[in-house]
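Q: To start, I am sharing the structure in question, which I have written as structure tokens.
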């Protein structure tokens, strides 16, 4: 079984049909390559396994639905991170969404366990504008230039967020911050 989207363009020369086709195998390979990263990005926003899994599912559904063409695996990963971030932000914007304490969800069963240490918990307590940038920089290994591209923010803004976040982390972690 293959997922496909067919785009029909009407023009002067009649109809042209272009299939944006990804097989189950290709989708599965993309999922295997990037599911953990997408899960961690979503967990950083959603803070509980159930909502995180929903956001991950929606992210990969968008991949299937929109069928974008990627230039490389890095482009693919950046698109998934950006899409996951947008999906999470949209969910959190709804009026019915209330903030929960992450500690309330540590012992709940989940299909994927995330190991968290004290530093990660402090990072997750940062304001959203810092949390995403710090996560992508330190946990995913992106440069500030790449993060600026992913988040569609100026490079100077990303560097400033990193600088301000480091100051907050140094204040909160003291000797543990390196």
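Q: Consider region 126-151. How many of its residues are exposed (fewer than 15 other Cβ atoms within 10 Å of the Cβ) and free of Cβ contacts under 8 Å to residues at least 24 places away in the same chain?
A: Residues in region 126-151 being exposed (fewer than 15 other Cβ atoms within 10 Å of the Cβ) and free of Cβ contacts under 8 Å to residues at least 24 places away in the same chain: 4 in total.
Q: Moving to a separate point now. Looking at (1) in contact with a helix residue (DSSP H, G or I) (Cβ under 8 Å, 6 or more places away or on another chain); (2) modelled with pLDDT under 85; (3) in a helix (DSSP H, G or I), which is the one condition that is false for residue 76?
A: (2)
Q: Being surrounded by fewer than 11 Cβ atoms within 10 Å (Cβ to Cβ) and at pLDDT below 90 is the requirement here; does residue 98 meet it?
A: It is true that residue 98 is surrounded by fewer than 11 Cβ atoms within 10 Å (Cβ to Cβ) and at pLDDT below 90.
Q: Let me ask you something else. With region 114-161 as the region, which helices (runs of 4 or more DSSP H) entirely inside it contain at least 3 residues that are under 14 Å from the mean Cα position of the chain (by Cα)?
A: Result: 128-134, 144-151.
Q: With 27, 64, 87 as the choices, which residue is crowded, with 19+ Cβ neighbours inside 10 Å, in contact with a helix residue (DSSP H, G or I) (Cβ under 9 Å, 6 or more places away or on another chain) and either modelled with pLDDT of 95 or more or not in a strand (DSSP E or B) (or both)?
A: Going through 27, 64, 87 in turn, just one is crowded, with 19+ Cβ neighbours inside 10 Å, in contact with a helix residue (DSSP H, G or I) (Cβ under 9 Å, 6 or more places away or on another chain) and either modelled with pLDDT of 95 or more or not in a strand (DSSP E or B) (or both): 87.
The values are calculated or read from the model by the stated rules, or taken from the named source; none is laboratory data. Quick caveat: nothing in here was measured; it's all calculated off a predicted structure. Note: ideal-geometry Cβ built from the backbone for every residue, glycine included; neighbour counts use all protein chains shown.
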